[in-house]
1. Count the DSSP beta bridges whose two residues both fall in the range 3-195, then state the antiparallel fraction as a percent rounded to the nearest 5.
2. Return one number: the angle in degrees, 0 to 90 and rounded to the nearest 10, between the long axis of the Cα atoms of helix 206-215 and the longest principal axis of the Cα atoms of the chain.
3. Residue by residue through the range 54-67, what is 3J(HN,Hα) from phi via Karplus (6.51 cos²θ - 1.76 cosθ + 1.60, θ = phi - 60°)? Round to whole Hz and write x for glycine and proline.
4. Taking 0.36 nm per residue of separation and subtracting the Cα-Cα distance, what length does fully extending LYS260 through TYR408 add?
5. Mind checking which aspartates and glutamates have their Cα closer than 18 Å to the Cα of LYS187? Skip sequence neighbours fewer than 8 apart in that chain.
6. Do me a favour and compute the ellipsoid semi-axes for the chain from its Cα gyration tensor, root of five times each eigenvalue, largest one first, whole Å.
7. Roughly what angle does helix 319-339 make with the longest principal axis of the chain, taking Cα atoms, 0 to 90 degrees, to the nearest 10?
8. Restricting to lysine pairs 8 or more places apart or on different chains, what number in the range 417-473 have Cα atoms under 20 Å apart?
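Since every read-out is calculated from the coordinates, none of them should be taken as a lab result. A quick note: this is a predicted structure, and the numbers were derived from the prediction, not measured. Note: ideal-geometry Cβ built from the backbone for every residue, glycine included; neighbour counts use all protein chains shown.
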Amino acid sequence: MSNFVFYDFETSSSNKHWGQIIQIGAILTNDNLDELDRFDVRCRLSPGIIPEAMALIVNKTSPAMLKKSNLSHYEMIRQFVETLKKWGKATYIGFNSIEFDEEFLRSTLFQTLEYPYITSTNGNTRGDILSLARAANLYYPNTLKNSKNEKGNDVYKLDQMAPLNGIDHGDAHSAIGDVIATLGIAKLIAQKAPNVWKASLMTLDKNQTLELIKKETFFCTNEYFYGKSRPYVQTFVCQHPQYQWPLCFDLRHDPNIYLKMPIQELTTVMKKQPKFIRTIRHNKHPVIMNPQYGEKFDEYKIIGSSKLQERAKLIRENNEFAEKISTIKRLESEEKEQSKSQEDLYEEESIYTKFTTVEDNKIMSEFHSVSWDKKLRIISKFEDERLKYFGKKLLYMEKPELLSKEDYNLIHKDIAKKLLSTNNEKWNTIPRTYAEIDTLRAKFEKENHQDKLVILDEINAYVEELEKTYSKV
């Protein structure tokens, strides 16, 4: 079994394309979850980055703290990448990391000329403790203690879960504090719901997960929506023709109703609730359990194990039904593709439009290995225009004096235009930040949060500085 890397980021914004990682916390453990090493680093804000005021307040980070750091963003990312290389093959785990931290990491690596998919290639795999915590509490109630919201549903927020479960993680909302809390939750699941923990280790790799789903006659997995975890006993039908996700049949439904249905009628009923075809995102660490776990719940208990197995066999033996489902999903995807917005993506948003070539990946390594005065020459070797743009942007942030006047002005004016925009942009702007500060100031004055008002004043002063710098353009 490989080692684990538990990790967490604090960021300037929730926007993965336009925000910046400002703090990284990571702990390397063995397969018994014993700590072997750790990484805890903060960096400065890059030129032209406006933090969301609330993001800094949640992280208890002031602009002064960000200015004090000796490390630039680029230097911090380089240190992190080199540390991960030193740590070797591992399973990367966070709390809601697959949806947030990992997407932020990929985007950051892409924009700093690193290979973006380090957590899921070259023998590395990935998992998520949030989905695991929900599964553990579903199959083994009270594995973890949770606070409740006004609707009476469990709250899965790390800063609330850690103290309730006796985990001392120091400073909540610091990156390393959140990593300690995540590791603590993982240890509790491994100890109190060992079968869930063991099952989760089988689905860290998407290819192994797909094999497992195809191989098992039927199985139980869970989904989380409207504040609750729900079990689904399912059997494999086919893969999505475009995204390759496993499409599975929910065995609480009688297959005989659907097997002989004409495709037009099947298309109509598939749009209705409750769904009988469910999608499993096999690349997002689903927890796949023995079907007996689902049979503990009333909707499957009343059907019984032998009937569920019988239904699963009916589905798996009917290739015609699988072909109909595949056709319906293909037509659905084609329709969606045609109605997709045709707006141009900025380079920062283009990570998933195409992969970088093997040749360009080699040039990336060369870029990092040479001194700053030689990097411009390396940038010119890139085939991909996006990488040339990111390379010059890195020089603008790190060594602007090395850029030609033309390149410097081009980047500087582009950043100024983005920051000063009064439109409702995808990125954070100076006018939007002033509006956010005013709203938060009124709120904190009413609630008498003096400490937060002090940070707000600092953020306001920082934004005024930025405005002066970029208004001169």
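1. Just about 65 percent of them are antiparallel.
2. Compared with the principal axis, the helix lies near 10 degrees.
3. After applying 6.51 cos²θ - 1.76 cosθ + 1.60, I find 5, 4, 5, 5, 4, 7, 6, 10, 9, x, 4, 4, 6, 6 Hz.
4. Working: separation 148, 0.36 × 148 = 53.28 nm, distance 6.54 nm.
Gain on extension, LYS260 to TYR408, equals 46.7 nm.
5. ASP8, ASP31, ASP34, GLU35, ASP37, ASP128, ASP159, ASP168, ASP178
6. Working from the Cα gyration tensor, I get semi-axes of 43, 27, 23 Å.
7. The angle comes out near 30 degrees.
8. The result is 7.
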